[in-house]
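Below is one structure, written out as structure tokens; comments come after it.
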């Protein structure tokens, strides 16, 4: 059984000093050197046998749109006004329209796009102003879904640092507006998603068995660290990894088993840092109770999208540790186009045609069956 045909069961054995460390899959022990050699070899074989981007792109142009994009941004008019007034955002986001989304979706064979507001969310404001903007954005998403039947779904914003406001908005967004899940940023003013102050909200999301999509944001700690590197270049991928680690090692992953997490951009830097994630319980015994089955058992329960990572390097790293059943198609529109990702997944040569079909549609339908109606 390959790692993409069933549940991957990875474990890590070794002492804290790093000697004789091994990774194992389905009970077979591998040295670190063997593990990395196997990853490289698998990627080489896949690239040699599966890269058929021209044929696949031609097929996609001829067939009825079927893809589901879980990482697709909208900019409601009130959010654009807030971005201009507070001097954030980029020209693509500020110039977004529903028509541009639909045109990009049609070109790439995307049937449904899951809408979410991108960073900084409402991190630039607070209190009643934040509640009002969140409500307006969620109502706008619901109207788009109603106005374009079958084309859009929505992840609701929350003012997460405001517990009462968040609980009220969860109820309104899911029960009244009938949005499909919740969209969170990776951090809120230097508090990541394992922070104890967010526990009441996590308890409610868990009770409702919510799909929770996450998007990176620039943490207050790490603005303009390096003059030549904008946050989107390095910091956002790093912050995604921070929040994944915080969810796991705070114990939230164990406590809230019914939250179904989606992490953007192939999990950020997490795949590259996998040995450090897996060894954390060995280095810090306090972490061990948080991962009774090992860190990889938690990581492989989460979902990860392909936005801005639909390339051989990123997908090879992700696929080495995460089963294809946990990978979802995402585009990051309007920052990138859908067709970029359709072509990128195929030219990467990492997945079989059947796996690509699951990534582009089947896996999302398991999470969000309404989208198949």
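The values are calculated or read from the model by the stated rules, or taken from the named source; none is laboratory data. Keep in mind the model is a prediction, meaning the values are calculated, not measured. Please note: Cβ atoms are built from the backbone with ideal geometry, for glycine as well, and neighbour counts cover all protein chains shown.
What the table below lists for this structure:
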{"item": "Criterion: surrounded by fewer than 22 Cβ atoms within 10 Å (Cβ to Cβ), more than 22 Å from residue 211 (Cβ to Cβ) and either out of contact with any strand residue (DSSP E or B) (no Cβ under 7 Å at 6 or more places or on another chain) or in contact (Cβ under 8 Å) with a residue 24 or more places away in the chain (or both) - qualifying residue of 370, 336", "result": "336"}
{"item": "Output for segment 119-157, where each listed residue is over 23 Å from residue 92 (Cα atoms) and part of a loop (DSSP other than H, G, I, E, B)", "result": "126, 149, 150"}
{"item": "Extreme residue, farthest from the chain's Cα centre (by Cα), among residues of segment 161-191 that are assigned to a helix (DSSP H, G or I) and more than 14 Å from residue 202 (Cα to Cα)", "result": "176"}
{"item": "Residue, surrounded by the most Cβ atoms within 10 Å (Cβ to Cβ), within segment 190-199, restricted to residues that are touching a helix residue (DSSP H, G or I) at 6+ places or on another chain (Cβ under 6 Å) and touching a residue at least 40 places away in the same chain (Cβ under 8 Å)", "result": "193"}
{"item": "Tabulated pairs, segment 102-115, first within 16 Å of residue 371 (Cα to Cα), second in a helix (DSSP H, G or I), C-beta under 6 angstrom, 6+ apart or interchain", "result": "109/60; 110/338; 112/371; 113/105; 115/141"}
{"item": "Conditions (1) touching a residue at least 60 places away in the same chain (Cβ under 8 Å); (2) closer than 26 Å to residue 93 by Cβ; (3) touching a strand residue (DSSP E or B) at 6+ places or on another chain (Cβ under 9 Å): number failed by residue 297", "result": "(2)"}
{"item": "Boolean, residue 268 is modelled with pLDDT of 95 or more and more than 29 Å from residue 69 (Cα to Cα)", "result": "no"}
{"item": "Among residues of segment 105-118, those that are in contact with a strand residue (DSSP E or B) (Cβ under 9 Å, 6 or more places away or on another chain) and either at pLDDT below 95 or more than 18 Å from residue 362 (Cα to Cα) (or both), counted", "result": "4"}
{"item": "Failed condition for residue 260, given (1) farther than 23 Å from residue 191 by Cβ; (2) under 13 Å from the mean Cα position of the chain (by Cα); (3) in contact (Cβ under 8 Å) with a residue 60 or more places away in the chain", "result": "(1)"}
{"item": "Output for segment 211-240, where each listed residue is in a loop (DSSP other than H, G, I, E, B) and crowded, with 17+ Cβ neighbours inside 10 Å", "result": "216, 217, 218, 219, 231"}
{"item": "Residue 329 surrounded by 21 or more Cβ atoms within 10 Å (Cβ to Cβ), over 30 Å from residue 75 (Cα atoms), touching a helix residue (DSSP H, G or I) at 6+ places or on another chain (Cβ under 7 Å) and modelled with pLDDT of 95 or more", "result": "no"}
{"item": "Selection from segment 165-189 of residues that are within 19 Å of residue 128 (Cα to Cα) and in contact with a helix residue (DSSP H, G or I) (Cβ under 7 Å, 6 or more places away or on another chain)", "result": "165, 166, 167, 169, 170, 173, 189"}
{"item": "Leading residue by the ranking (farthest from residue 67 (Cα to Cα)) among those in segment 345-365 that are without any contact (Cβ under 8 Å) to a residue 40 or more places away in the chain and surrounded by fewer than 20 Cβ atoms within 10 Å (Cβ to Cβ)", "result": "354"}
{"item": "Residue count for segment 62-104, restricted to those that are touching a strand residue (DSSP E or B) at 6+ places or on another chain (Cβ under 9 Å) and not in a helix (DSSP H, G or I)", "result": "12"}
{"item": "Residue 166 being out of contact with any strand residue (DSSP E or B) (no Cβ under 7 Å at 6 or more places or on another chain) and touching a residue at least 24 places away in the same chain (Cβ under 8 Å)", "result": "yes"}
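The rows are residues; the columns are (1) more than 25 Å from residue 364 (Cα to Cα); (2) in contact with a helix residue (DSSP H, G or I) (Cβ under 6 Å, 6 or more places away or on another chain); (3) buried (at least 23 other Cβ atoms within 10 Å of the Cβ).
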{"position": "245", "(1), (2), (3)": "no, no, no"}
{"position": "251", "(1), (2), (3)": "yes, yes, no"}
{"position": "258", "(1), (2), (3)": "no, yes, no"}
{"position": "266", "(1), (2), (3)": "no, yes, yes"}
{"position": "269", "(1), (2), (3)": "no, yes, no"}
{"position": "278", "(1), (2), (3)": "yes, yes, no"}
{"position": "281", "(1), (2), (3)": "yes, yes, no"}
{"position": "287", "(1), (2), (3)": "yes, yes, no"}
